[in-house]
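The values are calculated or read from the model by the stated rules, or taken from the named source; none is laboratory data. Because the structure is predicted, anything quoted here is derived from the model rather than measured. Virtual Cβ from ideal backbone geometry, glycine too; neighbours counted across all protein chains shown. Remember, those area values only see protein heavy atoms, side chains included, never the ligands or the DNA or RNA. Shrake-Rupley method; radii C 1.70, N 1.55, O 1.52, S 1.80 Å.
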Amino acid sequence: MAVKSAEATADLPDWTTLDYKPMEFEEEVRAFWEREKIREKLEEIRSKDNVGLAGFVEGPPTLNGVPHVGHARGRTIKDLYYRYLSMKGYYMPFWAGWDCQGLPVELEAEKAFGVRGGKKKLLEEVGMEKLVEECKRTLRRYYPEWLKADRLLGVFINHDRAYWTYKDEYIEREWAYLREAWEQGLLGEDYYVVAYCPYCQTSLSHAEVGLGYEVVEDPSVYFKLRLKDRPGEFLLVWTTMPFTIITDLLIAVHPEADYARVEVGDEVWIMASGRVEPVMEELGIPAYRVLEVLPGSALEGLRYEYPFYDLVPRQAELEQQNELVHTVVCEEFVDVGVATGVVHLSPANGEEDFEVARERGVPVFSPYDDECRFTEEAGAFSGLFARDADDVVVRELEKRGLLVKAGRVEHEYPTCWRSHHKLIWVARREYFYRVDKIRDRALKAAEGVEYFYEGPRRRFLSFIAEGRPWCISRERVWGTPLPIWVCSSCGHKLLVASRKELLEKAVRLPDGHFELHRPWIDQVVLRCPECGGEMYREPFVLDCWHNSGAAPYARFSDEEFERFVPVYFLVEGLDQTRGWAYSLLMAHVILTGRPEAPYRAFLFYGIVLDEHGRKMSKSLGNVILVNPFLERHPADLFRFYMLWKCAPVDDMRFSLEEMYKRPYQVLSTLYHLHRFFYQNATYDGFDPARHTLDWARGEGLLRAPDRWVLSKLQALVEAVDEGYARCRFHKALQALEEFVIEVLSHWYVPMVRRELWTDDPRTLPRRLAIYATLWHVLKTLVLLFNPTTPFLAEWLYQHAYRPLDPELPESVNFERWPEPDPALRDPELEEAMEKLTLAVSLSHSARQAAGLKRRWPLREAVVVAEREVLEALRPHGALFSELANVKAVRFVEPGFEPKGPGWSSSSEAGLAVFLYTIRDEALVGEGFMRDVARRIQALRRDMGFKPTEILEEVHVACSSPGDAELLRPFLSELEELVRTKRVELHVGEPGELGVEAEWRRYDIDGRVVLVAIRHPARKA
Ligand SMILES: [Zn+2]
Ligand SMILES: [Zn+2]
């Protein structure tokens, strides 16, 4: 054999002895990116050379915990998009941001003090300044964890340009939203029933309430209310919140529904007639009689006795004040399909109840303090926490003979998204964005956005359509202060939304340090422009969703805001339909006054579950944290797996085992394809500058397999582009998977491997044409993979491409996104090759049925199909013979019947393949030689020889002379297959042969063979 001169490969780095070691490759790439400032350079390049702007605002993670796998899913998608758009030529301000304020951080900080007894106690003992300091410390504690996660995960976000929602400059710009709302009359103050978390001691917005429904257990109480003017008659009522009876003011029935007067013992109970049977059964009352059925409207105005006049004297006074108090009213919202269809109303504890009372001018009785404890107005219940009064109320009802049944019920009930405590509805004084007034504008804004998936779109739009006022005030410490001052003399209100203005208008300022936070801001006193009195700040801070929702304006300068907003694309978790996506949209519509969202597209992604489909939680111990995970597993694999497994909108079941199956196979195959290419191409002196695809086409050197793989590649480029652009990442990656595993590894490489397996100078141009094809195909693949697996893409780019073509840009990220080339499409060839690969697969099945290895050559195959299929196949007969490993192939129209024994067949989709399975001595010998060759190949690898290295001598010893004779005619072919200068054939055992070597013994289907490699460079 001709031995290749070493000069072609002398200067090139040789990495081809490396196995696929993703963890090491990734760390090498991280170091490269950092050392060469690749991220910084990419931003610099695209800021000058771009096809357009793609605005972006980071959905800021809250710095009150460490990143887990759910965060990683979103960050991977963001990074994918950044790299994808950058390659498409867009400039995107991919700048980080951190959500720093609000309850989550404040609660995390509170833990540090270990004070029990709630916020009030904490502020007494610790004070606001220390609490604020601790909040900032909390941010500093978690921040490095997030930096680390982004580094490990390969997120190319710019941390130097990060925004921090607690900084004064951010807060001042956030205040711009309030100023707009104030001036448009959209910022209002009112008593309102708000959801309140007794644990966190603050109110929640509607959006927040939607974040946390859970199944909880509550009392289930049936009780009676005595009618005043009808002795012995009662209203039968059901409640799960007995404490609200303390503030009961009205009873509601449905005006058009039927109600029954039911005789039970010597009493008459009134309830919805459709509910008589089930309720009586539930109460265990077998004997009853319906006396009369009448419409709900007939009950209107009936007066009933409040059960606790003695305990809550204030209730009697209320009756004196308003004649509707403790009467029956009619309301359409009453549901007569559940419980008794008779509903008690406590305007202090329910939104609907509150509205009913307000419409009728009934006063609201809300005897609660800041901690949801009853005040003195609640008489005997004074000092009790609302829900703790449940049991007391039930006992009091029982004492008075008004309790019918007390049990427990499990039902879905809103809980605090942060602390999981059951929420309570109480009437409080709060500040609101009156988004109900701009509902249509908001809805129009939301309708103009691309959501990629119908489910989240519908959910989001229907939430916007509810158009409920957005409660933005919170009774907390760590947050953006509400910049409203109230005159202590005349009640005049002033909104001052800038630090400069405050300094100008203040009559009193904090001593020394002054930042835009409590407690300092509370010390600012202004002069009333109306009466000259002193004005003090409303002690509220803003909803943390307002804080982060202000980001589009607050994180940019005016000029950047004009350039980047509305932003191109946002991606956040599905729960953000009621969170960030909502607050961004509402705040932007208020700020601009336009029916426009601050984002053109919003992808909501699902949560990550464990492999059994359970939510990840601390209590189950199944939470995967990003940093420890990525210290042990490759980031590319993790990224690929999360995007490949399912549509982004779906909940994802995360299985480590699954990650290491197909996804690992795809990435490792991509690596090995490169190794195969690089080894052979460098060996043959391939020069991508000279041996281009155009050159190969011009020279007529491309054959069917090359033209086929190039054609398939164009379809792939389209599919991947479409998948990325339409947020069908799983489709894009499944297309890449199919191409790497099937098209390239399974078909194309076997089609050309034999051609590359030679040193014949006469066929060198053909080999160079194959390298030109592989270079083009693999390099395109690397570009397509880059947004998903940036480490592997960069590693291959640096090791397989840049050494061969020094003209290439410094990083794969500086490349432009590939465009499909229609000139390379050949649908006819694709169709023919589809038939061909099917025919080859059928030949494999026919072999398997006959128990014949693929390595063993057979005499003949017959392919049976309709004429037009045969015509497509016939030009590829030689390729079929090679892939099916047969000496001859016949193409025959339907009707073929094999004559005689020895045929095996398989068929599918109008195609049948018959194989003649009987082998003569020559075929058996050749098959045996292939088996031996395979053992030698494995031994070569074990001994560390590169596939291109040519061995000095290989010794093969057969234990039987007959076996040696089978092999003898194929020795030169064997030499070529295993790349050795000489094969020596022996008969006998090692001791008798006189060859000093380390022999390996193999049993090949009952034939014993010994093999040894002798090479001067290595001691075998
Ligand atoms: Zn809470
Ligand atoms: Zn005043």
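Descriptive notes on the structure:
- Check on Asp190, farther than 30 Å from Tyr433 by Cα, charged (D, E, K, R) and part of a strand (DSSP E or B): no
- Meets criteria (closer than 25 Å to Leu186 by Cα, surrounded by fewer than 22 Cβ atoms within 10 Å (Cβ to Cβ), at pLDDT 95 or above and out of contact with any Ser or Thr (no Cβ under 8 Å at 6 or more places or on another chain)) for Lys493: yes
- Residue within region 158-169 that is crowded, with 21+ Cβ neighbours inside 10 Å, under 25 Å from the mean Cα position of the chain (by Cα) and away from ligand 1 (no atom under 16 Å from the Cβ) present: yes
- Residues of region 56-80 that turn out to be within 18 Å of Gly723 (Cα to Cα) and touching a strand residue (DSSP E or B) at 6+ places or on another chain (Cβ under 7 Å), as a count: 4
- Complete set of residues in region 622-644 that are in contact with a helix residue (DSSP H, G or I) (Cβ under 7 Å, 6 or more places away or on another chain) and within 28 Å of Arg459 (Cβ to Cβ): Ile624, Val626, Arg639, Tyr641, Met642, Leu643, Trp644
- Those residues of region 542-558 which are in a helix (DSSP H, G or I) and more than 16 Å from ligand 1 (Cβ to nearest atom), in sequence order: His546, Asn547, Ser548, Gly549, Ala551, Pro552, Tyr553, Ala554, Asp558
- Positions within region 94-120 being in contact with a Leu (Cβ under 8 Å, 6 or more places away or on another chain) and open to solvent by less than 20 Å² (accessible area, probe 1.4 Å), in sequence order: Trp98, Asp99, Cys100, Val105, Glu106, Ala109
- Scanning region 534-541 for residues that are more than 46 Å from the chain's Cα centre (by Cα) and either within 16 Å of ligand 2 (Cβ to nearest atom) or within 16 Å of Met128 (Cα to Cα) (or both) turns up at least one hit.
- Scanning region 399-418 for residues that are surrounded by 14 or more Cβ atoms within 10 Å (Cβ to Cβ) and farther than 18 Å from Ala339 by Cβ, we see that the one that is nearest to ligand 1 (Cβ to nearest atom) is Cys416.
- Any hit, region 533-541, residues being open to solvent by less than 10 Å² (accessible area, probe 1.4 Å), under 15 Å from Arg173 (Cα atoms) and more than 16 Å from ligand 1 (Cβ to nearest atom): no
- Residue check, Ala357 open to solvent by less than 40 Å² (accessible area, probe 1.4 Å), part of a strand (DSSP E or B) and touching a residue at least 60 places away in the same chain (Cβ under 8 Å): no
- Of the residues making up region 419-429, those that are open to solvent by 20 Å² or more (accessible area, probe 1.4 Å) and within 16 Å of ligand 1 (Cβ to nearest atom) number 6.
- Hits in region 84-132 (condition: within 19 Å of Phe569 (Cα to Cα), part of a helix (DSSP H, G or I) and in contact with a helix residue (DSSP H, G or I) (Cβ under 6 Å, 6 or more places away or on another chain)): Tyr84, Ser86
- Taking region 196-239 as the range and being more than 16 Å from ligand 1 (Cβ to nearest atom) and either open to solvent by 20 Å² or more (accessible area, probe 1.4 Å) or among the small types (Gly, Ala, Ser) (or both) as the test, the residues that pass are Val215, Glu217, Ser220, Arg226, Lys228, Asp229, Arg230, Pro231, Gly232, Trp238.
- Any hit, region 442-454, residues being open to solvent by less than 10 Å² (accessible area, probe 1.4 Å), within 16 Å of ligand 2 (Cβ to nearest atom) and at pLDDT 95 or above: no
- Just one of the numbered conditions (1) part of a helix (DSSP H, G or I); (2) in contact (Cβ under 8 Å) with a residue 40 or more places away in the chain; (3) under 28 Å from Ala635 (Cα atoms) is not true of Ala681: (3).
- Checking each residue in region 320-345 for being closer than 16 Å to Arg358 by Cα and outside any loop (DSSP other than H, G, I, E, B) picks out Gln321, Thr327, Val328, Val329, Cys330, His344, Leu345.
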